[in-house]
Amino acid sequence: MSENKKAEKIVGVKGMNDILPADAPLWELFENTVYTVLKSYGFQQIRTPIVEPTALFSRGLGEVTDIVEKEMYSFVDSMNGDNLTLRPENTASVVRAALEHNLTYDGPKRLWYAGPMFRHERPQRGRYRQFHQVGAEAIGFTGPDIDAELIMMCQRLWDDLGLENIRLELNSIGDAEERNKHRVDLIAYFEQHKSLLDADAQRRLHANPLRILDTKNPAMQEMVNAAPQLINYLGEESRAHFEGVQKILRHNNIPFTINPRLVRGMDYYNRTVFEWVTDQLGSQGTVCGGGRYDPLIEMFGGKPTPACGFAMGVERLLELMKASGEQFAPNQCDIYLVHQGEAAQLQSFVLAERLRNAGLDVVLHCASANAGGSFKAQMKRADGSGAAFAVIIGEDEVAQATATVKNLRSTDGASVQVTIPFDTVSDYIVDQITGDDDHGHDHTHCTHH
């Protein structure tokens, strides 16, 4: 490359977004809340690989689904010829792991996961090519009680995140035999109205007619609304299961609407299906969806095992959190350590480690291209860091084995500054933070020290 030629700038892949430091507090709040809520219901975390065999998804999700047909990032491993796919969802991966490692040999399991998923879609608000999901899978439970518990767990999470205007839609798609009877009548109905079907619906007519009910095409809505409803084909067991879910939700004051057109996009669902939806995100209104998927484990070669779960879109929920108007403060440290001279720098490293040992968050000033090393420049950095205190070590402090502690957040506007022996700095600041804190800075995260 010639010396004068500027290197071409490389940018990220469209629809795969960077999460920048300014956004980190919001993500951390969400993740910590999720962890706390799921743990309180006895769910254990599982982490599966991002790359799986392509067959895992084509078999589990169904060949005639948008995900398998259009959206998967699939490739052939150049080393051994394996067909691999970046996971577009995680239920299939969790079930594969549960089977492979015999997780349910000693009884049912409550599992949860979090991480990135990948679908080649047109990027828009709330819909990305790399997106993040949190999900829960309850494997080995037969009754309607676990379906209701998963729904109630979601409600608790919305409450703890301060989210409102998320409503629950509920349906039952019955068992295979009931769906087959409904399927025959549904195909016959759509055949009668074939002229109204768009290209997608015509392609799905015989392969996956249930998905036509989920169409967003306005021209088809009236015709689809009049289609035979699966809920009217439910047998005694399916109906009792569905009523059992509703009974528990009503008893716990969880409002819901039965939506007879609600189906899920994956082939493995049966009986209970549900979605949490909002009107605040435009067309991407579903923030969480799930249901029962009793057939899936047998489809993957395991013994028949009942299961139920959900997945929620993290980016969409973060949009709702931002829209709620709550302010999410940037990460703040407790102490910014200012120093001048080589001896002071060495002492600052010693003191910084002592302060961290006491459980405090410390930023030690280091040389940088755009920040001078003068006391004035360092103090400007200290103030901008959000730190509660600046600790200053210069030549005088080194000579006298002391450090100067300045309160950067004093409420009366006065400059509160004290010089104390070097060996007592850590105790002094911990006392200031955990004692009668009158400097107006929030240190609740330090109260356990």
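Only the coordinates and a few stated rules stand behind these numbers; no lab work does. From a predicted model like this one, the values you see are computed outputs, not experimental measurements. Note that we place each Cβ from the backbone using ideal geometry, even for glycine, and neighbour counts take in every protein chain shown.
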Compute the helix-to-body angle for 342-357: its Cα long axis versus the longest principal axis of the chain, expressed 0 to 90° and rounded to tens. 50
Looking only at lysines whose Cα falls under 25 Å of residue 380's and that sit 8 or more positions away or on another chain, we get 406
Label-point separation in nm, residue 254 to residue 396, each point 7 Å along Cα→Cβ: 6.5
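Distance cut-off 19 Å, Cα to Cα: go down the list 109/303; 109/247; 14/70; 70/216; 181/216 and report the pairs above it. Show your work: numbers first, answer last.
Values: 109/303 15 Å; 109/247 24 Å; 14/70 17 Å; 70/216 17 Å; 181/216 25 Å.
Distance filter (> 19 Å) returns 109/247; 181/216.
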Go ahead and estimate [θ] at 222 nm for the chain from helices alone: -39,500 (n - 2.57) per DSSP H run with n ≥ 4, summed, over the residue count, rounded to 500. -10500 deg cm²/dmol
Modelled FRET efficiency - R0 51 Å, residue 76 with residue 427, Cβ distances, 0.05 increments: 0.25
Note down the magnitude of the dipole of the chain about its Cα centre, charges +1 on Lys and Arg C-beta and -1 on Asp and Glu C-beta and zero elsewhere, to the nearest 20 debye. 1420
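Quick one: length gained pulling residue 180 to residue 106 fully straight, 0.36 nm per residue minus the C-alpha distance?
On the way: separation 74, 0.36 × 74 = 26.64 nm, distance 3.44 nm.
Gain on stretching residue 180 to residue 106: 23.2 nm.
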Checking rank on 159-165, 216-222, with mean other Cβ inside 10 Å and highest first, the result is 159-165, 216-222
Pop the C-beta distance of residue 342 and residue 83 into the FRET formula with R0 = 56 Å and round what comes out to the nearest 0.05. 0.40
Helix 144-161 vs. the chain, principal-axis angle (Cα, 0 to 90°, nearest 10): 30
Give the aspartates and glutamates reachable from residue 376 as a straight Cα distance under 18 Å; neighbours fewer than 8 places away on the same chain don't count. 342, 395, 396, 397
Around residue 273: net Lys/Arg minus Asp/Glu count, Cβ-Cβ under 10 Å: 0
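Residue 382: net charge of surrounding residues, Cβ under 14 Å, Lys/Arg +1, Asp/Glu -1, itself excluded? Intermediate values should be presented prior to the final figure.
Values: positive: 376, 380, 381, 406, 409; negative: 334, 361, 383.
Overall, the nearby charge balance is +2.
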Determine which aspartates and glutamates satisfy two conditions relative to residue 194: a Cα distance under 15 Å, and not lying fewer than 8 residues away in the same chain. 185, 222
Helix 236-251 axis, angle to the chain major axis (alpha carbon atoms, nearest 10°): 30
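Can you give the FRET efficiency to the nearest 0.05 for residue 353 and residue 191, using r as the Cβ-Cβ distance and R₀ = 56 Å?
Numbers: r = 76 Å, r/R0 = 1.35.
Using R0 = 56 Å, I get an efficiency of 0.15.
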